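Everything below concerns the one structure shown next.
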Amino acid sequence: MTDHERYEAVVVGCGPGGAAAAANLARNGVETLVLERGVDAGSKNVSGGLIYAEESAPYTIDGLFPDFREEASERPVTENYIHNVAGDKVKTFDIGDLHHHDTAWADSVLRRRMDSWLARRVHELTRETGGGLLTEVHVTGLLREKGEIVGVTCEELDPIEADIVVAADGVNSELARDAGLMDWEDPDEWFQGVKAVAEMDPDVVDERFDIDEDEGEAHLFSGDLFDGVRGGGFLYTNEASLSIGTVFHLDSIAEERAEPQELLDSLLTHPLMAQWLGDDYHEVEYSAKLVPDSKKAALTAPHQDRLVVVGDAAGQMQAQGPIIKGMNHAVTAGALAAEAFADARSRGDPHRAGEFYEKKLHDEGVMDKLRPTSYRAVGKIGELGPIDGVANAVAESAVGRFGVRAAEGLVERAYNSPTLVSMIPDTKLPYVTLPTILGEELGERVTDENHVQPPELDDRIGDLTYDVGDPHIELVDNSFEASGTAVTACPVSAKDFGGGCYRDEMVQTNGHEEHLVSLDTQPCVECGTCAVVADTDWEHPAGGKGVEFEQG
Amino acid sequence: MPDIDPTEHEIADLGPKIKDVDDADELREMLALEEDGEDRVPVKTLIEDRIEKVEAEDEGELDPETVDLTEMTVADIANMVRDVDDADVLRDILEREREGKERSSAITQIENRIESVEGSDDEGEDVEYVPPEEKYPELDHPTNDKQWVEGTAGAEYRDMWVFCETQAGELVDVSKEMLGKARDLMDQYNEDYDADERVVAVLLGDEAGDYVEDVTAYGADLVLYHEDDRLERFRHKPYTEIVTDMSRAGGELASEGHEDVDWKDYHEPRYTVFPATNNGRDLSALVQGALDSGLASDCSGLYIEEAMISNPAKVGTAGDKKEFERVLHMKRPDFSGFEYSTILCIDKPNRDFHPQGASVIPGSFEIPDPDYDREAEVVEYEMDLDDEWFEVGVTEFDRLSGGVDLTGNEVVVAVGRGIGDDPTTGIELALDLVDAFDDADLGLSRGVITSSYAFDSHVEQYVSEERQIGESGQVVEPDVYIAAGISGAIQHKVGCDEADTIVAINTDPEADIRDFSDYVIEGDLFEVLPRLTEAVERGELAAAVEASDD
Ligand SMILES: Cc1cc2nc3c(=O)[nH]c(=O)nc-3n(C[C@H](O)[C@H](O)[C@H](O)COP(=O)(O)OP(=O)(O)OC[C@H]3O[C@@H](n4cnc5c(N)ncnc54)[C@H](O)[C@@H]3O)c2cc1C
Ligand SMILES: Cc1cc2nc3c(=O)[nH]c(=O)nc-3n(C[C@H](O)[C@H](O)[C@H](O)COP(=O)(O)OP(=O)(O)OC[C@H]3O[C@@H](n4cnc5c(N)ncnc54)[C@H](O)[C@@H]3O)c2cc1C
Ligand code: SF4
């Protein structure tokens, strides 16, 4: 037997999933070590920014961390709208009912602030058990003995053994990949989220949205402002800033050769935004991250040997129509995994935690939210090409349009139905066609002039903080065919831009010309996109290296 | 009914709540409720744990004067007596145990406790000192106790010695850092102990004397150096011999000819500090071994303070505590720097552990401002070096180049991705321009270095990170910086904008580089570079630039 450092539990990642797991393990007296690769928890993390506490969920973030809402979140969401855009015409629906369905509360958050607060609590709790939180440690994979997972390997530390390994390492989980539970092959299992944080005085926020300091708004956007790319936009109010971003199906970004930063700019510069962004748009941070689509990516058995996988790492990110629920499910799953371990341990069989965890996900109804049976019935079929084409045609036809006009109330109600929105097929119909028709037929013209000049990509990169380490991504195949999609899909690269990660180049070799791509990982924001759309060897940077988000 | 009905709570909030319940019966009622109700295994475990804990605490309240010892395990007794401070009560317990079960391990526990509460006055048994040879007669090399080299006890030690490493003709930074730290420590030391001990700098090498002024400026009171051509490169045998010899000079074990020196009248240094560099690590271990002491390697913090020690091997008497004065506390990072240990090197009753020695991680301390007005006593240490020490020689060496150093050039010609249409020619044209100047070199933007361009072999050698200008490359301040086909990203800018004159060549007159250039030549670098080269060769460009300087 080799002599490894040993803890009862090792939790990898200190986002909401890891924090919840660690807190609940510590409460059960389990000796818990938490490893986080960022210089600080949250320095690597991006979300749009609404964290939900669901009434039906067995665990919520404020249940596990009592002062969460006072200390770590921004504003409660008190108003919710979806805007259907067609050119400069917009039809707005109030989707408060959908938002409030099963919602105890929902707050906007910025991840640097939120996660670093959680991390301090996690460190206090886990230290009591003889463990603690170590930052700047990059976990590289699973430690195996006789073929069985018994711990983790790290770039900065010797291998560590544990009775349970909680992989809460987020999207592009190196642990889930190592265990063979996830591959990063299929773009249609992912969304890509891109976001800008714009500084704004709290008084100005209150005034422009006509809200009090303890109120906040959530606005969602869909329709024709994204060049037919499937997805939508969002705008959330924080205490002293706005989070504005987009979430698109990655396969659609890849197919359309869309430039994510331009799609974000389309949103930022739309006349509708003028009322909120004003003339003094000041972007303090540009960021991006992949988001799994639980309907397709959620692991049905997220465990193996002593490994349990929670949160984004297990694909547990639910797109409930336009509403995005990832953080809350990561919290629930993390806490359930901890509970499962406590159960298994008290039965004298700690290594059965995975099995109990899977059962709890089902019994507590989490799995059915992540992979709804209704989607399997309707959504999948809706995605098959011909039917989508027909549906599109129907919606486009005069009759379809008439239907929309006649049924305005019905559409608003449909938007507010959790069952209907979770069945939405991943096609242009719901994301682009229908909202555009709604905007055209029912919308009102927006006459405001938008003066926002979003920063160029090189300035966005220049404003970020990097601690450059060794390259963490390697191009396996540098032909344009294999990896060229990354030139456009990478949120910090663009066609005809020499300063990004991916650049396409025509190279003369021995008299003939080749179309190649080259890669420089220095401006990388570690979003994970090129792990899926290009032929790469993809890892996270070493502990503490790479990009550091101040907002997140 | 208990105050808390567990079935009404989630396990997460039960944890903290249950900690306030101290009554075992109440907890049992809660357990029953849970069993009848939700029957959650972790909740039951939680309550059962608490019951166990509460009952254990109750037991802790047992009265040691009346408790029935026969009901208790030895461990229980050991725990109980730990809280009893009254020797009479303890004697009474001892008596009862002797009359009762008479367990020898329990008796020892109680006796030990009596001893420690009464303190071991003079009657306390001395730990008998037995030399290792006698203790382990069966071993020809008794390693259980480390064999001594000197076996000195109770000798006199003074001063803090700093081994100052030089590399490639310069005092390395860590030497300056150590001198600064030693200066601070000894100033404080002299004040605290009303003493007059010195910082001693040790220099070895073929031209060791050249650094005397520097080490003085950085804080030495006494500089010891030894020069010999054979010491040009570090070799551990001669280096160890010399440093050891110096350390012993004037002391009880001084070598021949060094019995009396006017600069030292004590046995050996009180403290020694070495750099934790490759050579310093090597030397520190050998010297500290030869001087019969220990070494705290790779330290990042040092301070001098008293230390209370209770280890019988150090104190000499079991159960006693003793304060040791003037102990160098040597902090070193463990577990990749997440934890620290503080290492102390302390004399034993029959054997000294001096010098207290540390090697110091470069960068741990600040480099002080040098004071070239300082004065120090300087001693060239005379010593014959044995040829045998040089049997291991250095036949060849290669200094890893610190890469290409572009910082000293008058002119830097840098090219960027603008060469993309014909990268090899682009580099060739830039090199032609470099050659046209007297003192110039080639720089590159990162965009070129990380490209997939296929360069012909004769220019390929130039395309490497060694020539990168910018935030993650070199920062240059030449008189003239020529940037051809470089857009002027902020990360590139920080590497060149201190140049006196910046000339940009770009097909796009709006490129960012315009904002910080003195001249922008709008044009294709493949045409402009050759024309510039011609101009320089004819001496026209220099004239133009000089004119602009005014
Ligand atoms: C633009 C955008 C908008 C979103 N909007 C919302 C929203 O409004 N509401 C919502 O609920 N969700 C939203 N999400 C999704 C949400 O952010 C995620 O679902 C959530 O963060 C998942 O939490 P997690 O704990 O599983 O992983 P993460 O929060 O990603 O945490 C993983 C942690 O593990 C660390 N880590 C990763 N690999 C390693 C390693 N090898 N070694 C050590 N540490 C490692 C990371 O640094 C990180 O701290 C959005 C996401 C994006 C990108
Ligand atoms: C953390 C970090 C650190 C970085 N560190 C550095 C660093 O240290 N050094 C560094 O250089 N970069 C660094 N970069 C990269 C930097 O952001 C830019 O990507 C890089 O400098 C761009 O190189 P470029 O100017 O050669 O290419 P581009 O930006 O592609 O510019 C090419 C220019 O050439 C012009 N051009 C094209 N054809 C011709 C022609 N025929 N004749 C004349 N002009 C032509 C174009 O108009 C354009 O302006 C760093 C990036 C990050 C994120
Ligand atoms: S290089 Fe890859 S991981 Fe990095 S930002 Fe671009 S797409 Fe994302």
Checklist entry - So is A:GLU526 closer than 30 Å to A:TRP117 by Cα, modelled with pLDDT of 95 or more and open to solvent by 40 Å² or more (accessible area, probe 1.4 Å) or not? => result no
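Check whether at least one residue in the range A:442-451 is surrounded by 21 or more Cβ atoms within 10 Å (Cβ to Cβ), at negative phi, touching a residue at least 24 places away in the same chain (Cβ under 8 Å) and in contact with a Ser or Thr (Cβ under 6 Å, 6 or more places away or on another chain), and report yes or no. Please lay out each step first, then the result.
First, the residues of the range A:442-451 that are surrounded by 21 or more Cβ atoms within 10 Å (Cβ to Cβ): A:443.
The next check asks that each one be at negative phi; those that pass are A:443.
Okay, now just the ones that are also touching a residue at least 24 places away in the same chain (Cβ under 8 Å), so A:443.
Still in the running and in contact with a Ser or Thr (Cβ under 6 Å, 6 or more places away or on another chain): none.
No - not one qualifying residue is present in the range A:442-451.
Taking into account only those residues within the range A:452-481 that are in contact (Cβ under 8 Å) with a residue 40 or more places away in the chain and away from chain B (no Cβ under 13 Å), which is nearest to ligand 1 (Cβ to nearest atom)? Let's see the steps before the verdict.
The initial filter retains those residues of the range A:452-481 that are in contact (Cβ under 8 Å) with a residue 40 or more places away in the chain, namely A:452-455, A:457-458, A:460-461, A:463-478.
With away from chain B (no Cβ under 13 Å) added as a condition, the list becomes A:452-454, A:472, A:476.
Values: A:VAL452: 19, A:GLN453: 22, A:PRO454: 16, A:HIS472: 11, A:VAL476: 20 Å.
Looking at residues that are in contact (Cβ under 8 Å) with a residue 40 or more places away in the chain and away from chain B (no Cβ under 13 Å), I get A:HIS472.
Do we have A:VAL284 as assigned to a strand (DSSP E or B) and open to solvent by 20 Å² or more (accessible area, probe 1.4 Å) here? Even if it seems obvious, please write down each step before you answer.
On the way: assigned to a strand (DSSP E or B): yes; open to solvent by 20 Å² or more (accessible area, probe 1.4 Å): yes.
Yes; evaluated as a whole, the condition is true for this residue.
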Checklist entry - Restricting the search to the range A:329-339, which residues are at the interface with chain B (Cβ under 9 Å from one of its Cβ atoms) and more than 16 Å from A:VAL34 (Cβ to Cβ)? => result A:GLU339
Item to check | Enumeration of residues in the range B:407-448 that are open to solvent by 30 Å² or more (accessible area, probe 1.4 Å) and either within 14 Å of chain A (Cβ to nearest Cβ) or of a type in the set (Val, Ile, Thr) (or both) | outcome: B:THR407, B:ARG417, B:GLY418, B:ASP421, B:ASP422, B:THR425, B:ARG446
Checklist entry - Just checking, which of B:VAL378, B:VAL404 is surrounded by 17 or more Cβ atoms within 10 Å (Cβ to Cβ) and among the β-branched types (Val, Ile, Thr)? => result B:VAL378
Checklist entry - Between residues in the range A:511-528 that are more than 8 Å from chain B (Cβ to nearest Cβ) and residues that are open to solvent by 40 Å² or more (accessible area, probe 1.4 Å) and within 16 Å of ligand 1 (Cβ to nearest atom), which pairs lie under 9 Å by C-beta distance while being six or more apart or on different chains? => result A:THR521/A:ASP470; A:PRO523/A:TYR466; A:CYS524/A:TYR466
Next on the checklist: Pairs needed: first member in the range B:453-477, on the phi < 0 side of the Ramachandran plot; second member anywhere, open to solvent by 80 Å² or more (accessible area, probe 1.4 Å) and at pLDDT below 90; C-beta distance under 8 Å; at least 6 residues apart or different chains.
Outcome noted: B:ALA454/A:GLN508; B:GLN474/B:ASP405
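Residues are listed down the side, and each one gets a yes or a no for (1) outside the structural domain of A:ASP188 (by TED's automatic domain parsing); (2) within 16 Å of ligand 2 (Cβ to nearest atom); (3) charged (D, E, K, R); (4) over 28 Å from A:THR419 (Cβ atoms):
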{"position": "A:TYR286", "(1), (2), (3), (4)": "no, yes, no, yes"}
{"position": "A:ARG306", "(1), (2), (3), (4)": "yes, no, yes, yes"}
{"position": "A:ASP312", "(1), (2), (3), (4)": "yes, no, yes, no"}
{"position": "A:GLN316", "(1), (2), (3), (4)": "yes, no, no, no"}
{"position": "A:VAL331", "(1), (2), (3), (4)": "yes, no, no, no"}
{"position": "A:ALA344", "(1), (2), (3), (4)": "yes, no, no, yes"}
{"position": "A:ASP349", "(1), (2), (3), (4)": "yes, no, yes, yes"}
{"position": "A:GLU358", "(1), (2), (3), (4)": "yes, no, yes, no"}
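Within 14 Å of chain A (Cβ to nearest Cβ) and open to solvent by 10 Å² or more (accessible area, probe 1.4 Å): is that true of B:ASP512 in this structure? Show your work before the answer.
Values: within 14 Å of chain A (Cβ to nearest Cβ): yes; open to solvent by 10 Å² or more (accessible area, probe 1.4 Å): yes.
In short, yes.
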Checklist entry - Can B:ILE482 be described as away from every other protein chain (no Cβ under 14 Å), modelled with pLDDT of 95 or more, open to solvent by less than 20 Å² (accessible area, probe 1.4 Å) and not in a loop (DSSP other than H, G, I, E, B)? => result yes
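Taking the range A:181-199 as the search range and keeping residues that are part of a loop (DSSP other than H, G, I, E, B) and touching a residue at least 60 places away in the same chain (Cβ under 8 Å), which one is nearest to ligand 2 (Cβ to nearest atom)?
As a first pass, look at the range A:181-199 and keep what is part of a loop (DSSP other than H, G, I, E, B): A:181-186.
This time we only want the ones that are touching a residue at least 60 places away in the same chain (Cβ under 8 Å), so: A:181-182, A:184-186.
Numbers: A:LEU181: 33, A:MET182: 29, A:TRP184: 24, A:GLU185: 28, A:ASP186: 29 Å.
Going through the qualifying residues, I end up with A:TRP184.
Can you tell me which residue among A:GLY29, A:GLY63 is open to solvent by 40 Å² or more (accessible area, probe 1.4 Å), more than 12 Å from ligand 1 (Cβ to nearest atom) and outside any strand (DSSP E or B)?
Exactly one of A:GLY29, A:GLY63 is open to solvent by 40 Å² or more (accessible area, probe 1.4 Å), more than 12 Å from ligand 1 (Cβ to nearest atom) and outside any strand (DSSP E or B), namely A:GLY29.
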Next on the checklist: I'm told B:LEU179 meets every condition in (1) under 25 Å from the mean Cα position of the chain (by Cα); (2) at pLDDT 95 or above; (3) open to solvent by 10 Å² or more (accessible area, probe 1.4 Å) except one. Can you identify the failing condition by its number?
Outcome noted: (3)
Next on the checklist: Where the second residue is among the aromatic types (Phe, Trp, Tyr) and crowded, with 24+ Cβ neighbours inside 10 Å and the first is in a loop (DSSP other than H, G, I, E, B) and lies in the range A:34-45, which pairs have Cβ atoms under 9 Å and are six or more apart or on separate chains?
Outcome noted: A:GLY38/A:PHE549; A:GLY42/A:PHE549; A:SER43/A:PHE549; A:LYS44/A:PHE549; A:ASN45/A:PHE549
Checklist outcome for this item: Looking across the range B:200-240 at residues that are within 13 Å of B:TRP161 (Cα to Cα) and assigned to a strand (DSSP E or B), the single one that is most open to solvent (accessible area, probe 1.4 Å) is B:TYR225
Checklist entry - Which members of the range A:9-39 meet the condition of being in contact with a Cys (Cβ under 8 Å, 6 or more places away or on another chain), of a type in the set (A, V, I, L, M) and away from every other protein chain (no Cβ under 11 Å)? => result A:ALA22, A:VAL34
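Going by what's in this entry, would A:GLU74 be described as farther than 25 Å from A:VAL166 by Cβ, within 14 Å of chain B (Cβ to nearest Cβ) and modelled with pLDDT of 95 or more? Before you say what the answer is, go through the steps one by one.
Numbers: farther than 25 Å from A:VAL166 by Cβ: yes; within 14 Å of chain B (Cβ to nearest Cβ): no; modelled with pLDDT of 95 or more: yes.
No: the conditions fail for A:GLU74.
Taking A:LEU307, is it farther than 22 Å from A:ILE61 by Cα, away from ligand 3 (no atom under 16 Å from the Cβ), more than 14 Å from chain B (Cβ to nearest Cβ) and at pLDDT below 95?
Values: farther than 22 Å from A:ILE61 by Cα: yes; away from ligand 3 (no atom under 16 Å from the Cβ): yes; more than 14 Å from chain B (Cβ to nearest Cβ): yes; at pLDDT below 95: no.
The answer is no for A:LEU307.
The values are calculated or read from the model by the stated rules, or taken from the named source; none is laboratory data. This is a predicted model, so every value here is computed, not measured. Because the Cβ atoms are built from the backbone with ideal geometry, glycine has one as well, and the counts that use them run over all protein chains shown. Surface accessibility is based on the protein's heavy atoms, side chains included, excluding ligands, DNA and RNA. Shrake-Rupley method; radii C 1.70, N 1.55, O 1.52, S 1.80 Å.
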